[in-house]
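Peer 1: Pasting a structure here, questions to come.
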Amino acid sequence: MNTVQRRRLILMRHGKSDYPLGISDHDRPLAARGHREAPLAGAWLVENDLIPDYIICSDALRARSTCAWVLSELGEKGPTPYVDSRVYGAGVSALCSIVNEVPDTVSTLLVIGHQPILQEFALRLASAQSDEEAVYELAMNYPTLGTTVLETENSYSHLDARDARVTHFNVPR
């Protein structure tokens, strides 16, 4: 019997960042609020049984710090993240191409990145079978730590447009 494998793609915006003078955008750290709230994002993943087996993280400091806090909540279940410099500054098509490279052995993929690309990518992937309230919420506002969960039976290599159901949009606070 041939069973269809469900894949989950989780898109998470980094935590609230600080704006210190003389620091480039790429090197901005998390603000105190970001350090406080980022572990809540990891706890939400655990509470909802959304443990990633692969993580792609932007190489920007605020994204890497968010990832570290999320991993602290995942404990031993958390995979070693792949820090990808292409995520920072990527457009929607470039981010889609990065996701398309993920092997089909991955069942739950977490991407930690930036606005406005995560919001635009989630909306591009959202199929007609998506949870309407979740799509509305993510379309209206994608604040720091905004987290979209999408499910698909497609291979990551075939994700492009309207290929995944949005099942959740959450902002852990």
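Peer 1: Assess whether residue 45 counts as being within 13 Å of the chain's Cα centre (by Cα), assigned to a helix (DSSP H, G or I) and in contact (Cβ under 8 Å) with a residue 24 or more places away in the chain. Break it down into steps so the answer makes sense when it comes.
Peer 2: On the way: within 13 Å of the chain's Cα centre (by Cα): yes; assigned to a helix (DSSP H, G or I): yes; in contact (Cβ under 8 Å) with a residue 24 or more places away in the chain: yes.
Criteria met by residue 45.
Peer 1: Just to be sure I understand, how many residues within the range 163-173 are open to solvent by 30 Å² or more (accessible area, probe 1.4 Å) and at pLDDT 95 or above? So that I can check it myself, show each step before the final result.
Peer 2: So the first thing to find is which residues in the range 163-173 are open to solvent by 30 Å² or more (accessible area, probe 1.4 Å), and the list is 163, 165, 167-171, 173.
Of the ones still in play, those that are also at pLDDT 95 or above are 165, 167-171.
Residues flagged as open to solvent by 30 Å² or more (accessible area, probe 1.4 Å) and at pLDDT 95 or above within the range 163-173 amount to 6.
Peer 1: Based on what the data block shows, is residue 30 under 25 Å from residue 134 (Cα atoms) and surrounded by 15 or more Cβ atoms within 10 Å (Cβ to Cβ)?
Peer 2: no
Peer 1: Please count how many residues of the range 105-128 are part of a loop (DSSP other than H, G, I, E, B) and either among the β-branched types (Val, Ile, Thr) or under 15 Å from the mean Cα position of the chain (by Cα) (or both).
Peer 2: Looking only at that region, the number is 6.
Peer 1: Next question. Considering only the range 50-58, I want to know if a residue exists there that is of a type in the set (Gly, Ala, Ser), surrounded by 19 or more Cβ atoms within 10 Å (Cβ to Cβ) and not in a loop (DSSP other than H, G, I, E, B).
Peer 2: Scanning the range 50-58, I find at least one residue that is of a type in the set (Gly, Ala, Ser), surrounded by 19 or more Cβ atoms within 10 Å (Cβ to Cβ) and not in a loop (DSSP other than H, G, I, E, B), so the answer is yes.
Peer 1: Yes or no: the range 91-104 includes at least one residue that is in a loop (DSSP other than H, G, I, E, B) and crowded, with 18+ Cβ neighbours inside 10 Å.
Peer 2: Within the range 91-104 (the criterion being in a loop (DSSP other than H, G, I, E, B) and crowded, with 18+ Cβ neighbours inside 10 Å), the answer is yes, since at least one residue qualifies.
Peer 1: Here is a further query. Scanning the range 112-143 for residues that are of a type in the set (Val, Ile, Thr) and touching a helix residue (DSSP H, G or I) at 6+ places or on another chain (Cβ under 7 Å), which turns out least open to solvent (accessible area, probe 1.4 Å)? Please lay out each step first, then the result.
Peer 2: Residues of the range 112-143 of a type in the set (Val, Ile, Thr): 112, 117, 135.
With touching a helix residue (DSSP H, G or I) at 6+ places or on another chain (Cβ under 7 Å) added as a condition, the list becomes 112, 117.
Details: 112: 0, 117: 34 Å².
The selected residue is 112.
Peer 1: In the set 87, 92, which member is modelled with pLDDT of 95 or more, under 26 Å from residue 163 (Cα atoms) and in contact with a helix residue (DSSP H, G or I) (Cβ under 6 Å, 6 or more places away or on another chain)? If you could, list the steps in order and put the result at the bottom.
Peer 2: Working: 87 fails: in contact with a helix residue (DSSP H, G or I) (Cβ under 6 Å, 6 or more places away or on another chain).
After applying the criteria, what remains is 92.
Peer 1: Which one of these is over 24 Å from residue 26 (Cβ atoms) and in contact with a Phe, Trp or Tyr (Cβ under 7 Å, 6 or more places away or on another chain): 170, 154?
Peer 2: None of the others qualify; the one that does is 170.
Residue-wise test of (1) in contact with a Leu (Cβ under 7 Å, 6 or more places away or on another chain); (2) more than 26 Å from residue 40 (Cβ to Cβ); (3) hydrophobic (A, V, I, L, M, F, W, C).
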| residue | (1), (2), (3) |
| --- | --- |
| 103 | no, yes, no |
| 109 | yes, no, yes |
| 115 | no, no, no |
| 129 | no, yes, no |
| 140 | no, no, yes |
| 150 | yes, no, yes |
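Peer 1: I'm checking my understanding of the structure. Among residues of the range 62-84 that are surrounded by fewer than 18 Cβ atoms within 10 Å (Cβ to Cβ), farther than 22 Å from residue 23 by Cβ and among the small types (Gly, Ala, Ser), which one is modelled with the highest pLDDT?
Peer 2: Filtering first and then ranking leaves 72.
Peer 1: Still on this structure, please answer the following. List the pairs whose first member sits in the range 109-131 and is under 12 Å from residue 10 (Cα atoms), whose second member is of a type in the set (Lys, Arg) and part of a strand (DSSP E or B), and whose Cβ atoms are under 6 Å apart, counting only residues at least 6 apart or on separate chains?
Peer 2: Close Cβ pairs (under 6 Å, with a partner that is of a type in the set (Lys, Arg) and part of a strand (DSSP E or B)) amount to 118/13.
The values are calculated or read from the model by the stated rules, or taken from the named source; none is laboratory data. It should be emphasised that the depicted structure is a prediction, and the values quoted were computed from it without experimental measurement. As a convention, Cβ positions derive from the backbone with ideal geometry for all residues, glycine included, and neighbour counts pool all protein chains shown. Areas reflect the complete protein model, heavy atoms only, side chains present, ligands, DNA and RNA absent. Shrake-Rupley method; radii C 1.70, N 1.55, O 1.52, S 1.80 Å.
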